1. Considering only residues of segment 102-121 that are closer than 16 Å to A406 by Cα and of a type in the set (S, T, Y), which is surrounded by the fewest Cβ atoms within 10 Å (Cβ to Cβ)?
2. Kindly indicate the residue of segment 39-91 that is small (G, A, S), over 30 Å from the mean Cα position of the chain (by Cα) and open to solvent by less than 20 Å² (accessible area, probe 1.4 Å) and also farthest from Q402 (Cα to Cα) among those meeting that condition.
3. Look at segment 622-651 and say how many of its residues are assigned to a helix (DSSP H, G or I) and more than 18 Å from R249 (Cβ to Cβ).
4. Of the residues that sit in segment 448-460 and are out of contact with any strand residue (DSSP E or B) (no Cβ under 7 Å at 6 or more places or on another chain) and over 19 Å from N483 (Cβ atoms), which one is surrounded by the fewest Cβ atoms within 10 Å (Cβ to Cβ)?
5. Give D328, D345 a once-over and let me know the one that is out of contact with any Leu (no Cβ under 8 Å at 6 or more places or on another chain) and at pLDDT 70 or above.
6. Which is within 17 Å of the chain's Cα centre (by Cα) and either among the aliphatic types (A, V, I, L, M) or closer than 19 Å to I677 by Cβ (or both), of A565, A585?
7. If A565 meets every condition in (1) surrounded by fewer than 20 Cβ atoms within 10 Å (Cβ to Cβ); (2) under 17 Å from M607 (Cβ atoms) apart from one, which number is that one?
8. Can you pull out the residues in segment 155-190 that are buried (at least 21 other Cβ atoms within 10 Å of the Cβ) and more than 27 Å from the chain's Cα centre (by Cα)?
Amino acid sequence: MGAWSARNRKTAVFGWLLFVILAAVLGGLHGSTTVTEAESMPGQVSRAAKILDEAGLKSPASETVLVQSASRSADDPEFKAAVGQVVTAADGTGHVAEVRSPYDTKAVSADGHSALVLLTLKGTGDEAMANVRSVMDAVAGVQKQHPDLTVVELGDASSGKWIQDQFTNDFARAEWTAVPLALGILLIAFGALVAAVLPVVLALTAFVAAGGLVALSSGMLHTSNDASSVMLLVGLAVGVDYCLFYLRREREERAAGRDAATALSIAAATSGRAVLVSGVTVVVAMAGMFLTGIADFRAMAYATIVVVITAVLGSLTVLPALLSMLGDRVDKGRVPLVAKLRRPDAAQTGGRFWNAVLTPVLRRPLAATLLAGAALLGLAAPLLTMNTANLTFQQQLPAGNQLVAASQKIEAAFPGSPAPAGVVIRSTDISSPAMTAAIADLKTRALASGKMHGPIDVAVHADKNVAVVDVPLNGTGNDSVSNEALRTLREDLVPATVLKVPGTEAPVTGRTAGSHDFNAKMTGSMPLVLGFVVAFAFVLMLTSFRSLAVAATAVVLNLLSVGAAYGVLTLVFQHGVGASLLGTAGVGAIESWVPLFLFVILFGLSMDYHVFVVSRIKEGRDRGMPTRAAIAHGIRSTAGVVTSAAVIMVAVFGVFGTLSMQAMKQMGVGLAVAVLIDATVIRAVLLPSLMTLLGERNWYLPRWLGWLPDLSHGEAVPADGPAPVVELAEAGRHRRVSV
């Protein structure tokens with residue numbers, strides 16, 4: 001691929017540009033089809049959504065306005081006047097289909113100091129979100145007229161609108177922050193503007209093209225907002241890294257005296273191969289998420305797969321063509337200070353810092369293995385206390401947010417009312433006396449259970465033979481109290497009442513049900529996904545390096561880095577240790593999808609460094625170096641590029657740790673911590689120490705596996721160079737020799 005691109009430079013470059021433009025334009029014209037509610041959630045929640053969809057019943061967007069006073073009761077004239085003004089102001093916007101006064105619904109708190117005005121907005125959910133601002137402004141106007149009262153609004157449309165706007169703003173901020181960060185790091189790594197810009201431009205064009213391709217195919221495989229964020233996150237990180245690996249090797253060969261064609265050929269056969277193996281690993285690891293059967297995971301997996309394939313394609317085709325065109329002009333635009341600080345031999349010797357780390361590791365490999373392993377196991381220890389849940393929007397949003405404050409006030413006055421469980425009943429005759437009696441019995445038993453409370457609302461759609469019974473559950477929505485109430489409703493009350501009527505189905509939905517069903521699905525699918533990813537990673541490494549030890553070491557080290565990342569994630573976001581440094585607080589749980597997503601993506605990304613470093617070690621050994629010297633050479637010669645790549649990934653992922661949504665913070669911090677651990681403790685300490693302990697056993701392959709294909713391509717590097725530089729201690733001083 002590298003040779004073809006170098007020979008057909010214009011075809012490769014302009015073909016890539018045409019591909020990016022066509023994908024972006026066609027994707028924009030086609031638009032994106034997003035995951036529906038029925039697809040996004042498993043279990044009874046999915047079934048309930050399908051029943052409502054088939055009946056043509058769209059759940060209207062509802063808003064709740066809390067009117068509250070510390071000193072006045074709901075019977076006070078001023079309190080009543082405020083409630084009346086809320087009803088009139090909301091109705092006057094023209095966007096409200098129904099307004100229900102608390103004096104009609106009896107939605108007055110037990111202490112008599114709080115009341116709820118219930119609003120049903122017109123139109124679909126999207127239309128309601130577009131129009132809810134005028135309703136919120138009307139309610140805010142009433143608050144200004146009554147400063148001694150609390151008048152706040154909360155609901156599906158207002159919270160959805162805030163999250164949608166915040167998501168858009170965060171996404172734009174991440175994009176405009178991450179790109180300059182990556183460019184600045186590359187400027188330091190290369191010391192030249194052209195060399196720094198190339199990886200960023202290729203990564204961005206890969207992201208743009210992948211976005212268009214995902215939109216084009218979203219009719220067959222629906223996408224989501226989370227998928228777009230993940231695609232930017234992973235696309236920018238791997239796109240820059242792949243180009244960095246390739247470009248640094250080509251520059252290193254040129255610095256060693258190779259002619260341009262030979263340098264490009266060596267880079268293609270070594271770093272190009274590492275990029276291909278890494279890309280395939282990420283793709284197949286992400287494919288494991290399809291085994292969850294969850295639509296959002298399928299969307300994230302597919303978007304990541306497309307952007308990684310696109311980034312690999314760009315790195316192996318258009319990058320060689322550009323390097324062939326530019327030649328040594330890729331070093332144009334040198335940054336004077338940075339260029340002076342760069343040591344000419346740093347690419348091969350690894351620099352003073354990594355030499356200082358690696359020397360004691362190679363001298364005492366057993367001690368290094370035990371110390372580093374113990375440190376990572378210590379970091380992973382909090383994983384044993386990890387609790388996963390579908391975070392409520394109160395947990396997702398930043399502390400002090402107006403919507404969170406409104407929700408807390410409503411919860412305190414009316415426990416459970418903002419997010420009741422919904423029993424969606426479909427029967428052959430929803431209006432029959434037997435069903436009417438069964439629904440009444442369900443209400444009576446729910447209140448008598450002590451785990452649920454009123455008001456219980458019943459909406460009967462006789463022409464559709466569907467009814468919806470909204471039952472407020474005790475608890476916060478995703479705690480043990482709410483889950484126990486849900487279990488009682490599903491397993492005891494519904495089967496004993498409405499399901500006794502022949503020809504009836506009655507799935508239970510709602511936020512608590514959604515969190516429960518999602519967690520159950522995740523728990524059931526996780527062993528399958530983890531087994532698939534680990535098994536494939538092992539097989540890929542075994543095939544790539546024809547070594548059982550290398551494959552087993554890769555899997556164990558990756559598991560250690562993921563475990564340590566899990567531990568830090570639990571410590572910070574669940575228990576709140578150091579959370580204030582990130583502008584958040586411990587929320588008592590980790591978002592349900594984050595651990596599995598982190599495992600899959602990290603197992604793929606970790607192979608970037610592992611394949612790159614081990615390839616360099618094996619390259620040295622295949623050229624006749626002793627294993628110990630090959631390890632030293634491989635680690636030192638890749639230290640600079642691995643450090644640069646890791647800093648870029650940590651910076652990009654760290655940007656997502658500063659976003660508003662809790663799930664995005666958890667994802668960004670988890671990825672950043674794992675990559676940092678992987679590029680330092682794993683690659684600089686555990687990998688060389690373990691390989692040193694194993695010695696020649698690193699390359700052991702049983703005879704019965706001799707049929708495995710040899711994908712090493714070691715012959716691509718000519719025998720006469722570049723000569724690896726190895727530091728040898730002799731007579732109290734260091735001597736540099738070429739091997």
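The values are calculated or read from the model by the stated rules, or taken from the named source; none is laboratory data. Computed from a predicted model, the values in this text were never measured in an experiment. When we count neighbours, we look across all protein chains shown, and the Cβ atoms used for this are built from the backbone with ideal geometry, even at glycine. For the accessible areas, the whole protein counts, side chains as well, though only heavy atoms, and no ligand, DNA or RNA atoms are used. Shrake-Rupley method; radii C 1.70, N 1.55, O 1.52, S 1.80 Å.
1. Among those residues, the one meeting the criterion is S109.
2. For segment 39-91, the residue satisfying everything is A55.
3. Within segment 622-651, the subset assigned to a helix (DSSP H, G or I) is 622, 627-651.
So of that shortlist, the ones also more than 18 Å from R249 (Cβ to Cβ) come out as 627-629, 631-632, 647, 649-651.
Residues in segment 622-651 being assigned to a helix (DSSP H, G or I) and more than 18 Å from R249 (Cβ to Cβ): 9 in total.
4. It comes out as A448.
5. On the way: D345 fails: at pLDDT 70 or above.
Answer to the check: D328.
6. Working: A585 fails: within 17 Å of the chain's Cα centre (by Cα).
Unique residue meeting the criteria: A565.
7. With respect to (1) surrounded by fewer than 20 Cβ atoms within 10 Å (Cβ to Cβ); (2) under 17 Å from M607 (Cβ atoms), A565 is out only on (1).
8. Passing the criteria: A189, F190.
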